[in-house]
Every structure is written in C-alpha cells, then in structure tokens.
Amino acid sequence: MHEQLRQQYLQAMGIQLWEPKIKPVLDEAPAVDAEPVPVIADTEQAVAPVVDSSAQALPDWPLLQQNVESCTACDLHENRIHTVFGTGNRSAKIMFIGEAPGADEDRQGEPFVGRAGQLLNEMLFAIGFSREQVYIANILKCRPPGNRDPRVDEINTCKTFLQQQIQLIQPELIVALGRIAAHHLLKTDTSLAKLRGQLHSSPGIDVPVMVTYHPAYLLRSPQQKRKAWQDLVMLQQQLSTEQPA
C-alpha cells in the first residue's frame with residue numbers, strides 16, 4: 001500500500017519510477033547522497049523565538065485541548081463548527097504546521113482531511129512515513145470565513161496554543177507548510193521560494209525549521225510538485241543524518 005501511494009505521488013510529479021528508490025527514514029544509512037543542508041546563521045537571517053519565555057505554566061494535553069475547544073478570544077469562534085486541535089504522534093520527531101483549517105477540517109475537527117490532506121498523506125508515504133508517525137497542526141485552530149488568509153490579530157491571539165503544542169511534543173524538526181506558516185514561525189516576510197532549500201534556526205525552541213509548499217497550493221500548481229519532492233528528500237536526508245551510528 002505504501003509503495004503504491006509513493007508511486008502515485010512520484011508519477012504525479014513526473015518523476016521516473018525506475019530512478020533509485022529512497023529508503024525509509026528509519027534505515028541506518030542516509031537514503032540520499034547529497035550536499036550537507038546549509039543552516040542560516042548570519043544575523044540578518046536569524047529568526048525570532050517561537051516560544052514566549054514569559055508564558056504561563058505548560059498545560060498537559062487534555063487541558064490544552066480543552067482550552068482550545070472553549071476558546072472565544074477572537075471572532076472566529078462565532079462561526080466555527082469544530083475547533084481543529086491537531087493530530088498524530090505526540091512524541092513525533094517531525095511536526096508539520098499549516099496555516100488554518102478549511103471547510104472539511106472545520107466539519108471534522110481534524111487538520112488536513114480534504115484533498116490537500118490526501119496529498120499530504122501521499123507525500124508522507126513517499127518518504128516512508130504514515131500520518132500517525134508525525135504531528136500535524138495549524139497556526140489557527142478555527143476556520144477563517146471563506147478560507148481567507150488569517151489576520152495578524154487572529155494569529156497573535158491563537159499563537160500560544162501552537163507554542164504549547166511545540167513545547168509538549170519537542171520535535172526534532174518543524175516543517176512549515178506554505179507562506180503564512182513560514183512567515184509566522186520565522187518572523188520574516190521573505191518569499192517562500194527563497195526560504196526553501198535550507199534549514200532555519202529558531203533559537204527559542206532550538207528546533208530547525210524547513211519550509212515547503214502547502215499541499216493546497218500544489219493542487220493548484222502541480223508543476224511545483226517536483227520542487228516539493230526536493231524538499232521531501234531534504235527532509236528525509238536531514239532525519240537520516242540524525243540517526244545514531
């Protein structure tokens with residue numbers, strides 16, 4: 001099943017299936033022979049901490065989820081069907097972060113369950129992961145009307161929930177899905193095209209952040225899937241190099 005989904009994704013990107021296969025991340029040896037991934041270290045590119053050191057005591061998972069479900073701090077609660085907390089392995093090495101729930105997510109209360117979610121699942125299978133092995137969340141926990149972009153005030157109101165999720169999970173790598181998630185996590189307005197292909201420091205949580213396209217964007221712009229595959233290979237390579245010898 002995994003191999004079939006992997007082939008479907010590679011075919012959609014126009015990648016020949018007889019090219020050498022990428023081994024699963026859990027293999028002992030790195031799957032791809034590539035140059036080391038650069039890490040941004042200069043002061044001009046340095047990113048702001050994600051975690052607020054003045055934050056209150058960290059809640060446990062049940063309390064955090066209850067706080068999200070009962071939140072009425074911004075106007076988005078007025079039209080939501082469900083809050084969209086997050087899903088996956090709460091001890092995951094990789095955390096994927098998107099921007100906000102859509103209509104399908106609002107109805108089901110789970111992130112990335114529509115067509116974009118199906119594509120994300122295929123992308124994960126292509127590098128040897130299942131949805132249950134990673135953690136998936138959004139910056140906003142409620143759907144903006146008409147799937148519009150999140151407003152700055154909404155992001156600022158909701159950001160503590162995401163910060164607390166990151167602190168509880170303590171992932172080894174964060175993947176920002178799309179422009180809005182990348183700009184929020186990295187405190188930058190640099191284009192996504194320039195943010196791709198490298199790891200970004202996030203000293204407040206000491207977790208590297210990489211950036212790739214949002215699956216919904218890939219559905220609208222399938223010609224970018226090959227670049228997204230390059231990002232997945234980079235992700236797999238980074239995790240492989242972190243495996244114990």
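Assorted remarks:
- For the range 58-98, the convex hull drawn through the C-alpha positions has a volume of 104 cubic angstrom per residue.
- Distance from the alpha carbon centroid of the range 182-204 to that of the range 87-152 works out to 19 angstrom.
- Cα-Cα over 25 Å, subset of Lys194/Lys225; Lys141/Lys225; Lys93/Lys187: Lys141/Lys225
- Here the Karplus relation 6.51 cos²θ - 1.76 cosθ + 1.60, evaluated at θ = phi - 60°, turns the backbone of the range 69-82 into coupling constants of 5, 9, 5, 10, 6, 9, 5, 4, 5, 5, 10, 6, 8, 9 Hz, with x for every Gly and Pro.
- ³J(HN,Hα), Karplus 6.51/-1.76/1.60, whole Hz, each residue of the range 153-162, x for Gly, Pro: 5, 5, 4, 5, 5, 9, 5, 4, 4, 5
- Rg/Rg_globular for the range 130-193, with Rg_globular taken as 2.2 N^0.38 Å and Rg from C-alpha atoms: 1.17
- Calculated FRET value between Arg148 and Glu172, using beta carbons and R₀ = 30 Å, to 0.05: 0.35
- Extension gain, Val233 to Lys159, is 23.7 nm, computed as 0.36 nm per intervening residue step minus the present C-alpha separation.
FYI, it's all coordinate maths here, none of it is from the lab. The shown structure was predicted, so the numbers you read here are calculated from the model rather than taken from an experiment. Glycine also receives a Cβ, built like all others from the backbone with ideal geometry; neighbour counts cover every protein chain displayed.
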